[in-house]
Amino acid sequence: MIVKHERKGGIDVYYVKKNITDAGMEKYKHQFVTPSLIDIIINDDADVYTDDNRLLLKFRKGKLSKDKIDTFYENMIDFARTTSTNRKLTSGLKTAKKVNSAKDLAAMTNIVGYFDSLGPSQKAMLKKHGMKLNPAVRETRFNMLYPDKFKKLVPLIREIDNYYEKIVPDHYKKQHRKAKQTYFKIADTAFTTVTTNVNYKTTIHTDRGDDAEGFGNLVVIERGKYTGAETCFPQYGVGVNVRTGDVLFMDVHEWHGNLPIKLENKDAVRLSIVCYLRHRLWEKTRGKTKKFMKRHVATYRKLHDITANAHKPSSNKGGGVDDVIGEVTVGAINY
């Protein structure tokens with residue numbers, strides 16, 4: 001609920017209070033956002049604060065460079081369409097019993113950069129080959145398989161980082177200080193990890209895994225036409241219509257989710273990009289040397305190569321490395 005609205009330097013500044021109590025939000029947890037919960041959709045430059053003067057979000061239109069956006073999309077979209085079945089809660093599915101197959105759970109959500117956990121199959125392969133990976137952190141599959149494409153993603157990630165520093169400097173300073181303490185990061189940024197989602201409507205949730213002292217962000221690249229998918233804070237009745245070129249900084253530890261998305265073209269795409277610092281990754285790797293990082297990455301890549309050679313398909317019907325050493329994205333970020 002908006003309790004105050006003013007203009008400062010061409011920016012709308014809103015102060016909002018909770019429509020729903022903290023206890024009341026529990027019944028909305030992992031439910032989809034509905035229009036009835038939202039009082040206002042923000043379409044222009046805005047800062048939003050709570051009625052006790054905490055920053056909820058800052059939104060800026062048309063800030064990002066078209067060439068960097070296009071390059072990111074061209075190099076990421078094929079991999080971003082890879083499906084994962086690890087996201088039942090933010091997909092609105094609390095248990096696998098509610099669906100008929102893994103296909104029902106599949107969502108096009110993926111990670112880039114570095115991550116702080118290993119899956120059971122990865123741990124088993126390490127043990128089988130007498131290899132150690134301590135701490136249990138790793139490169140993402142995208143980085144390993146497509147290093148040249150990853151390099152082409154970095155200019156947009158750095159531009160997001162630059163606006164983070166300019167628009168939310170206090171939070172940036174704290175997060176960047178931690179990023180400088182680890183080599184397991186996206187170079188010259190405050191980020192270790194990027195999550196991408198394609199046409200993914202998330203339920204009402206709060207993020208976990210990111211650094212609590214930092215501040216969340218969201219960038220969207222659209223192709224074709226769609227309506228909806230606004231990123232919303234239902235407890236406060238506020239939504240933001242993030243489109244190509246825009247950048248949203250937001251408190252992801254407040255309840256948030258998306259309104260329904262309606263594709264006007266069947267092949268329309270809403271590619272959302274979320275950059276963040278994973279707290280456990282920082283905890284596990286801060287103070288490690290660059291030499292340690294390179295040796296650690298080499299060990300994981302060796303494991304990947306061993307697994308790939310051991311599971312080459314005998315036909316073109318699957319059985320490849322991705323089936324054995326697939327991505328684990330539990331605790332990644334969605335919006």
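Below are the figures for this structure:
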{"quantity": "Hey, Tyr49 surrounded by 12 or more Cβ atoms within 10 Å (Cβ to Cβ), part of a strand (DSSP E or B) and hydroxyl-bearing (Ser, Thr, Tyr) or not", "calculated": "yes"}
{"quantity": "Residues that are basic (Lys, Arg), free of Cβ contacts under 8 Å to residues at least 60 places away in the same chain and within 23 Å of Val194 (Cβ to Cβ), drawn from region 251-272", "calculated": "none"}
{"quantity": "Positions within region 237-259 being assigned to a strand (DSSP E or B) and not β-branched (Val, Ile, Thr), in sequence order", "calculated": "Gly239, Leu248, Phe249, Met250, His256, Gly257, Asn258"}
{"quantity": "Candidates Asn110, Asn162, Asn134, Asn143, filtered to the one that is modelled with pLDDT of 85 or more, more than 21 Å from the chain's Cα centre (by Cα) and not basic (Lys, Arg)", "calculated": "Asn134"}
{"quantity": "Extreme residue, surrounded by the fewest Cβ atoms within 10 Å (Cβ to Cβ), among residues of region 174-190 that are over 22 Å from Leu56 (Cα atoms), touching a strand residue (DSSP E or B) at 6+ places or on another chain (Cβ under 9 Å) and among the hydrophobic types (A, V, I, L, M, F, W, C)", "calculated": "Ile186"}
{"quantity": "Residue within region 192-214 that is surrounded by fewer than 23 Cβ atoms within 10 Å (Cβ to Cβ), closer than 27 Å to Pro135 by Cβ, aromatic (Phe, Trp, Tyr) and in contact (Cβ under 8 Å) with a residue 40 or more places away in the chain present", "calculated": "no"}
{"quantity": "Residue match in region 52-72 (condition: surrounded by 16 or more Cβ atoms within 10 Å (Cβ to Cβ), in contact (Cβ under 8 Å) with a residue 60 or more places away in the chain and more than 28 Å from Pro260 (Cβ to Cβ))", "calculated": "yes"}
{"quantity": "Output for region 153-173, where each listed residue is over 19 Å from Lys63 (Cβ atoms) and either surrounded by 16 or more Cβ atoms within 10 Å (Cβ to Cβ) or of a type outside the set (Lys, Arg) (or both)", "calculated": "Asp170"}
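The values are calculated or read from the model by the stated rules, or taken from the named source; none is laboratory data. Computed from a predicted structure; not experimentally measured. Glycine gets a Cβ as well: all are built from the backbone with ideal geometry, and neighbour counts include every protein chain shown.
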